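Contents: one structure, followed by commentary.
The values are calculated or read from the model by the stated rules, or taken from the named source; none is laboratory data. Note that the structure is a prediction, hence the values are computed from the model and not measured. We place every Cβ from the backbone using ideal geometry, glycine too, and count neighbours over all the protein chains shown.
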Amino acid sequence: MKPRLWNAALVLLLASSGLGATAIQVTTRNDQFGEDTTKCSLREAVQAANTDTAFGGCPAGSATDLITFDQFSNQPKLTRAGRDEDANATGDLDVSASGTIVFVGNSTGGTVIDGNGIDRVFDLDCRSDMNVQFNSLTIRGGDAGSGAGGGIYMCAHTASIYAVHMTENSASSVVHCTFRPHRSQGQSQSIAARSRAIARALRTEERSHTMATNCSS
Ligand SMILES: [Ca+2]
Ligand SMILES: [Ca+2]
């Protein structure tokens, strides 16, 4: 995927925030939560962004957070079992930060976030003051169980996906999306969107389509 696509979106989003972004770099693929303060895991990065407090080796977040991945963290795998938990300690990654949080991978092949079948991968809280964006990464292996959104459950004020590959995600409850450029309707087990969330997946598991928009449960 050409980086300028998500770069342009990122610049627009950060410019609209009116604030400088705090960079939080993930430095391990291990699913840590408070241990090993020499390494910052993806779950710990989300926690630092949620709380605007340094956590587990990650720097404190701020109103606008930019979560990036170094060369040692390109395949984060969730291993902390425990569904139906919204404190970000187990199962899915619970994003609940006020303000803006942007996940920026290195490429769809280079940054692969694996749900490992223990839960969905990302759960975006129903906050009216939260905006979330995913860029240039892959989300795979999420399993929402009886719920919806095996890859991402979106209930943030706005949520956008640019140059993201969703694959091997499963959910018992599917949602309907409009796929572009063919403007056809289809179902997605990867994405469930509510509120004003907009899903723009440039590559999805629905192979005949390139973008998924206006998903609704
Ligand atoms: Ca750590
Ligand atoms: Ca969770």
Residue pairs, Cβ under 6 Å, 6 or more apart or interchain, first in region 30-50 and more than 10 Å from R80 (Cβ to Cβ), second surrounded by 24 or more Cβ atoms within 10 Å (Cβ to Cβ) and of a type in the set (F, W, Y). List them.
E44/F55; Q47/F55; A48/F55
With criteria (1) within 11 Å of ligand 2 (Cβ to nearest atom); (2) farther than 14 Å from V26 by Cβ; (3) modelled with pLDDT of 95 or more, G117 comes up short on (1)
When region 69-108 is checked residue by residue, the ones that are over 21 Å from A171 (Cβ atoms) and either within 16 Å of ligand 1 (Cβ to nearest atom) or of a type in the set (F, W, Y) (or both) are F69, D70, F72, S73, A89
Quick one: is D65 out of contact with any Leu (no Cβ under 8 Å at 6 or more places or on another chain), more than 16 Å from ligand 2 (Cβ to nearest atom) and under 15 Å from S98 (Cα atoms)?
yes
Within region 59-73, is there a residue that is closer than 15 Å to T138 by Cα, over 14 Å from the mean Cα position of the chain (by Cα), crowded, with 16+ Cβ neighbours inside 10 Å and of a type outside the set (K, R)?
yes
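Applying the selection to region 25-40, what residues are within 16 Å of ligand 2 (Cβ to nearest atom) and in contact with a Lys or Arg (Cβ under 8 Å, 6 or more places away or on another chain)?
Residues satisfying the conditions are D31, Q32, F33.
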Hey, could you check region 21-68 for residues that are among the charged types (D, E, K, R) and touching a helix residue (DSSP H, G or I) at 6+ places or on another chain (Cβ under 7 Å) and say which is farthest from ligand 1 (Cβ to nearest atom)?
D65
Restricting region 74-83 to residues that are more than 8 Å from ligand 2 (Cβ to nearest atom) and either surrounded by 22 or more Cβ atoms within 10 Å (Cβ to Cβ) or part of a loop (DSSP other than H, G, I, E, B) (or both), the one modelled with the lowest pLDDT turns out to be N74
Test each condition in (1) among the small types (G, A, S); (2) modelled with pLDDT of 90 or more; (3) over 15 Å from A163 (Cβ atoms); (4) surrounded by fewer than 21 Cβ atoms within 10 Å (Cβ to Cβ) for G147 and report the one that comes out false.
(2)
